[in-house]
Amino acid sequence: MASQSMEIMAKALEQQVLQSARMVEEKLDAELGKLERMDDDEMEKLKERRLEALKKSQKQKQEWLSKGHGEYKEIASEKDFFPEVKESNRVVCHFYRDSTFRCKILDKHLSILAKKHLETKFIKLNVDKAPFLTERLRIKVIPTLALVKDGKTKDYVVGFTDMGNTDEFPTEVLEWRLGCSDIINYRNLGQSSPRWRRRPSEEEGTIQTLVLKMTRRPANLGHTLRATSHYPAEPWTISHVYFISCPSSFLEFL
């Protein structure tokens, strides 16, 4: 039963990849055809529009940098939190504690994302220095990421649950999770999602794969990843591929 199910999933995955490749090819052909039909005046107007867009983008980038975007920094106290979120449209705030090891793991990933996503400000705040704010935002688990948009807390990433509850997730998984909340610009949100791939034991010798499509926000997954006799909770590694959808009940007999 398990091998038959894996074969069905593999075929469905192959069809998904082929369909996505055809869509990309058709889109590229359409763009090339449009360019071939343009005359000199239209080409010149196109160049002007692109140059104007480039100038606007560069101006926006400089504005973000002047507000502290592009770096992952710590704010001294909870009093500094409100000016920071008021100044920028999108902010990721890491509520951390020095004694919590997983906070250091998040620091590494957030430092990478801060440089990559200039449109969002990335900051961190020690919960021991922010008792009022921690209580106001109802932060109970450390680490927690507060995702603030237009001055309002829109969502939270609590612990590592949305990243598979493993310390070994790659930065791309956290990036995808933040993209789900529209707190960063994430272009591939509708095309691909993180895939969990289990390490084989020495006795097994082969890698078994679980293909899962995240169809809803990570905090409310309809398809829940959980331990079975074939797929224990630990250890897991993570890769980045196209997905197919499978119901929760389907996981029980894999």
Heavy-atom accessible surface of region 70-181: percent carbon and sulfur, 1.4 Å: 50 percent
Surrounding net charge for HIS117, when Lys and Arg each add one and Asp and Glu each subtract one, Cβ distance under 14 Å: +4
Zero-based 5 Å bins, Cα pair distances in region 12-63, whole percents: 4, 17, 12, 13, 14, 13, 13, 9, 5, 0
Accessible surface ranking that places the most exposed of ARG90, ARG22 first, with a 1.4 angstrom probe: ARG22, ARG90
Percent of Cα-Cα distances greater than 21 Å, calculated over region 70-181: 27 percent
Region 12-63 - charge dipole about Cα centre, Lys and Arg +1 at Cβ, Asp and Glu -1, debye rounded to 20: 440 debye
Violating pairs (Cα-Cα greater than 30 angstrom) within the set LYS61/LYS152; LYS45/LYS149; LYS11/LYS108: LYS45/LYS149; LYS11/LYS108
Integer Hz, Karplus 6.51/-1.76/1.60 couplings in order for region 60-71, x for Gly and Pro: 5, 4, 5, 5, 4, 4, 5, 9, x, 6, x, 9
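The values are calculated or read from the model by the stated rules, or taken from the named source; none is laboratory data. Keep in mind that what you see is a predicted model, and the values were worked out from it rather than measured. Cβ sites come from the backbone with ideal geometry, for glycine too, and all protein chains shown count toward neighbours. Note: accessible area is taken over every heavy atom of the protein model, side chains too, but ligands, DNA and RNA are not part of it. Shrake-Rupley method; radii C 1.70, N 1.55, O 1.52, S 1.80 Å.
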